[in-house]
Structure formats: structure tokens, C-alpha cells
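Everything on this sheet refers to the single structure shown next.
Readers should treat all values here as calculations from the given coordinates under stated rules, not as data from a laboratory. It should be emphasised that the depicted structure is a prediction, and the values quoted were computed from it without experimental measurement. Methodologically, a virtual Cβ is constructed for each residue, glycine included, from the backbone with ideal geometry; neighbour enumeration extends over all protein chains shown.
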Amino acid sequence: MIGIYLLLKTDTKMGLQDMVREPSFMPVMSISEEYDLKPYKNGYFIMPTTYQSKINGNFILSVTAS
């Protein structure tokens, strides 16, 4: 199960309050997400993750912007 967290980048320790989008974990080998983001002074963190810890696997993260 994989998903993608989208968080606001902060100057301090990030927490749940910085989450823009929580992942909807899916039992798939590939996932694609599309975001329409507003400019934010510090930017964003895009964090792909597995549902459970200590589950390793290969992935490719591709980001495009206009």
C-alpha cells in the first residue's frame, strides 16, 4: 500500500497542522496524483510513503510544474 503526503514546508518541525493532503493508501504498484497548488512562501514537501513502516521498495517520483 502506497500513498503521497503533501505538506507545507515550515522553518520549524512539521506536524499534522502542516498537512495539505493526506494520502488515500492504495494496494497498487503505481500511483499518480495531481495538485493545483497556490504559491506558498516556503514551498511544499511531497513525501511518498508506504502504509506500514519497514516496507522497502523501488519507486520513481516525477514532478512537473507550469
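With r defined as the distance between the Cβ atoms of Met19 and Asn58 and R0 fixed at 30 Å, what FRET efficiency is calculated, to the nearest 0.05?
It comes out at approximately 0.70.
So between Tyr51 and Thr10, what do we pick up on full extension, going 0.36 nm a residue minus the alpha carbon distance?
Length gained, Tyr51 through Thr10: 12.4 nm.
Over the chain, calculate the relative contact order: mean separation of alpha carbon pairs under 8 Å at least 6 apart, over the residue count, as a percent.
Once normalised by length, the contact order is 45 percent.
How do Ser66, Ser24, Ser32 line up, fewest other C-beta atoms within 10 Å first?
In increasing order of surrounding Cβ atoms, one gets Ser66, Ser32, Ser24.
The list (1) 147; (2) 67; (3) 108 gives values of volume of the Cα convex hull per residue in Å³, and only one came from this structure; which label was calculated from it?
Answer by label: (3).
Counting other beta carbons within 10 Å of each residue's own, what order do Thr49, Thr10 fall into, fewest first?
Going from least to most buried by this count: Thr10, Thr49.
Near Lys38, which lysines are there with a Cα under 19 Å away, not counting those fewer than 8 places off in the same chain?
Leaving aside lysines fewer than 8 places away in the same chain, those within reach of Lys38 are Lys9.
Please arrange Asp18, Asp11 by how many other C-beta atoms lie within 10 Å of their C-beta, fewest to most.
Arranged by neighbour count, lowest to highest, Asp18, Asp11 become Asp11, Asp18.
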